[in-house]
1. If one computes P(r) from the Cα atoms of region A:40-82, what percent of pairs lie at distances over 11 Å?
2. Around A:Arg609, which amide H atoms from residues at least 5 apart in sequence, or from another chain, sit under 5 Å from its own amide H, with H modelled in the peptide plane?
3. Give the Rg (one decimal place) followed by the Dmax (whole number) of region A:337-473, computed from C-alpha coordinates and expressed in Å.
4. Output wanted: per-residue J couplings in Hz (rounded whole) for region A:150-166, from phi through Karplus 6.51 cos²θ - 1.76 cosθ + 1.60, θ = phi - 60°, x for Gly and Pro.
5. Distances over 16 Å make up what percent of all Cα-Cα pairs in region A:140-183?
6. Please list, ordered by chain and number, the residues whose modelled amide H lies under 5 Å from the amide H of A:Glu228; skip anything fewer than 5 residues away on the same chain.
7. Cross-link list A:Lys37/A:Lys324; A:Lys179/A:Lys482; A:Lys37/A:Lys248: which exceed 32 angstrom alpha carbon to alpha carbon?
8. Starting from 0 in steps of 10 Å, tell me what percent of the Cα-Cα pairs of region A:1-73 lands in each bin.
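Values in this text are rule-based calculations from the coordinates and carry no lab data. Model, not experiment: these values are computed from the prediction. We place every Cβ from the backbone using ideal geometry, glycine too, and count neighbours over all the protein chains shown.
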Amino acid sequence: MTAPAAPYLEGLNPEQKICVEAPDGPLLILAGAGTGKTRTLTARIAHLLATGRARGSQILAVTFTNKAAKELRARAENYAGGGGGGGVFLSWAGTFHSMGARILRHHAELVGRRSNFTILDASDQQRLVKDLLKSANIDPARMPPALAHHLIERWKDRALAPDQIPSEEKQAHDGRIIKIYRAYQDQLKNLNAMDFGDLLMECLRLFRDAPEILEQYQNRFSHIFVDEYQDTNVAQYLWLRLLAAREKNLCCVGDDDQSIYGWRGAELGNILRFEKDFPGATIIRLERNYRSTGHILGGASAVISHNGSRLGKTLRAQEGDGDKIRLIRAHDGKDEAQRVCREILTLREKRVSLDEIAILVRSTAQMRSFEEEFLDLALPYRIIGGARFYERAEIRDIIAYLRLIAQPDDDLAFRRIVNVPKRGLGAKSVLCLTQAARDEGASLLDACSLHEDSLKPSGLKSAAIRKLRDFAAMIKRFADHKDALPLETLAEKVMDESGYRRMWAETKTPDAETRLDNLAEMLRACGEFDSLEGYLEHVALVMEIEAEAGGERVSLMTLHAAKGLEFDAVFLPGWEEGLMPHIRALTQDGLRGLEEERRLAHVGMTRARRNLYVGCADMRLIHGFWQDCLPSRFIAEIPQEHVEILPIAQPFGAEPVASAPLFSPSEGGAEEASEEESSLFSVGARAHHKIFGAGTVSRVEGKKVTVRFDDPPSEKTIMAGFLIRLPDGDSQGSSNFVMTGK
DNA sequence: CCAGCTGCCATTTTT
DNA sequence: TGGCAGCTGG
């Protein structure tokens, strides 16, 4: 039986082929970094189709990001190129959340319920929690909204409804969080809204309450594929287990060594327990790494081998040893950035494309020193995963208009834009309107059109009523056009007729132009959708925009953002105890936290193809204070033979780096500042604040400085710390100085 | 109503 | 140090 090799088998190695041709049944492909897991996954899908075991519409392929879903679809379609034809290929490929939303909407339509529920984004959720805490009279200092929100989300990750929370957890924070959780769910119901967790939880509930629907989907999906299985949470696991219960053809691809999202609910146990959860499961390892050269892989493997909770696999390099991992030792953060940039310039001289160079940091705060250095050297760079397009205020505003047009009872959207641009409808008017709406059981938008007799008692003035009516009429006018006009035209109409675009056009701040550009960009994105509802769904789920062309650039991003990417040269700065591994991970989650940090280190190292640099500084400015740093334990875990320590121009400590003294205090005793010197200083409360007063330094006593102010600030401000600005523009932070006197 | 001040905070972030 | 939300005084 020597049939001609199928195109999808071309170039696959033996272990990959085993994965592709493995028979039906539960299958876990443990694919290490750089082993071609997406290729293997798509080849298996192509194989199923080619052998007639499944049709495209019977395959459910789940990923975590829309980007991954898109890539999967594109690759699969590429393989299917010859055959297939016509029909929709892989019609069920997407994220967990989009699949959940799809199933829920489909079902709601079937039973004739409103299927147009709103999906709340992160900031909507935060605001809701905040409001609830406020109305429950809980001190935000003792229970920050972000924490409450986080706890609720983690419960949802585990598919726990308020009445399913284990009793010992209910007691946490005096049992108040659980009340907030209940109120939050009630509120979502009122708003006909769901958050991301609900999309899965409600799906689970649907499957439980209506077994015939579950069965329908079980029959429909003969084969289920999951990418990045190590990132699944409990709810996702339960969901998959239900859907796969009948056919049992669940193929998961993942790498326990790349699980770095535990903090947002990912359950490493899911992948570790796969064999137990799915009896008769096959586990196949992909261990041939095609990405990195030997020293890099050797170092990365050695580091990850220190972890206990792993299934274990041994990555094998397919290339030569290559260059050793280079260790860049630096004085402080700035010095580190300079040394890294020097190396980047060297790489560029060696014709390495800037697009192939990345700096991966642990925390975003590390980015600034690199940006400053890039600007100094005129090195083009890009930051990946910064402020997301759809999170920008101007975009969210227009989205709110569109949401209100699509769903007149979306009160959150109403609140956001009723006075944007300014229409003289301030907080007071909205408060009154809310009252009236509640009394009448109407949405805010509908309440605008109520009879005056219903509105007046709430305290609304005639002028405000008129303005509200105008606003409602405008939204109505848009709504009337929503199906007749192409979305792009509708959105443009909204931007113009609401006065929104004019508002920015007339704004003189430097960012106004960017905002107008963003609006134009948004219109372009609208052009790709044919329905308002479709676009809103996309926006709620996607939160991402493509594009960004231009010349070669160095990439700067967090380690988390780098997962799935690869570069010729990778820099990993800030490998110091406390930053990498991060102190918070250790204090919060102990050994579990440390192991996740180590996986993060492993992910970072395995992004590199040919050149890997690890950076480590002696001291770092953290929250305004200099701290001595110890090299990361992960550096010590890299075997010596894989490392080359870069020579350092100056010996450490040769130059003073820590906060240079403001002025040299004489040893010991107090000193009268000379008249000339003392007139040089002016004092402000914060570096980013305007200087609030000028004064003269009259006395210097060690770290104690006495200043006579021309115009004295309050005592409290002085206690809080201050800034002294030298006349040549240099400023010196000095919150560790004590200031007395006036 | 908004600019400017103050207090508070400081990992990672997708859907 | 620096970013942000919330408050307040002009």
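1. 64
2. Amide H to amide H, under 5 Å and 5 or more residues apart or across chains, A:Arg609 pairs with A:Phe567, A:Asp568, A:Ala569.
3. Expressed in Å, the Cα Rg and Dmax of region A:337-473 come to 25.4, 78.
4. Per residue, the Karplus-derived 3J(HN,Hα) values read 4, 4, 4, 4, 5, 4, 5, 4, 9, 6, 9, 6, x, 8, 10, 5, x Hz.
5. Beyond 16 Å sits 25 percent of the P(r) for region A:140-183.
6. Close amide H contacts, sequence-distant or interchain: A:Val253.
7. Checking Cα-Cα distances, A:Lys179/A:Lys482 exceed 32 Å.
8. In order of increasing distance, the bins hold 16, 53, 28, 2, 0 percent.
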